[in-house]
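Below: the structure, in structure tokens.
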Amino acid sequence: VLLLIWIYFSWIFKFFNRGIIGIVFYTITYMLQTIFFFICLLVIKDKNSGFNISKLTNLKCLVLSNKFLAYIFSINLFSMAGLPPLFGFFSKFYIFSVLVETNQIYTIIILLIMSCISTFYYIRIVQAIFFSDNNKISPKSLIIITYPIAIILILITFINLFFCFTPWLFMDIIYEDV
């Protein structure tokens, strides 16, 4: 899927250096966040069976059993959704700014629709973690985070939060002449 997106956008931006940089930046950003997402899912195990979670409803107990993982998991999901001022927002913003400069109206409309659809699914996971009726449930998930995984989770969350507090640094990099 990422290869098809890469080919499509490289065709649109074949004469624009900023477009190619935007594609690479968005691809790297989304790959990092997807790796982060699956690392978080892989460390969550059911206490009774010892297997990984298989349903969205199993995430109801995450905030009760491990608040640290629940919060960094939700920060990553908000970033994947492209909510400002997280890392995922800047990668989408960069793509949209190049599309606006090249008057690609139909591509912007398609990307906005797809972004809204994906945001619905990402926010649904956050809703299952924090806003479900978890007062009546005892924590069923056993979260074991090893040091290497914890370091990876903290680093990627730090990257997301770094762009929250220093957006001007990134904006200077974006609008530098390429």
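Using only protein heavy atoms and a 1.4 Å probe, report how much of Met31 is accessible, in Å² to the nearest 10.
90
Take the alpha carbon gyration tensor of region 89-130, find the square roots of its eigenvalues, order them as a ≥ b ≥ c, and report rounded if a/c is under 1.5; if not, report prolate when a/b exceeds b/c, else oblate.
oblate
Note down the nm distance, to one decimal, between modelled labels 7 Å out along Cα→Cβ at Val24 and at Ile117.
Going by the 7 Å Cα→Cβ label model, 3.0 nm.
The values are calculated or read from the model by the stated rules, or taken from the named source; none is laboratory data. None of these values were measured; they are calculated from a predicted model. Note: ideal-geometry Cβ built from the backbone for every residue, glycine included; neighbour counts use all protein chains shown. Heavy atoms of the whole protein, side chains included, go into the accessibility calculation; ligands, DNA and RNA do not. Shrake-Rupley method; radii C 1.70, N 1.55, O 1.52, S 1.80 Å.
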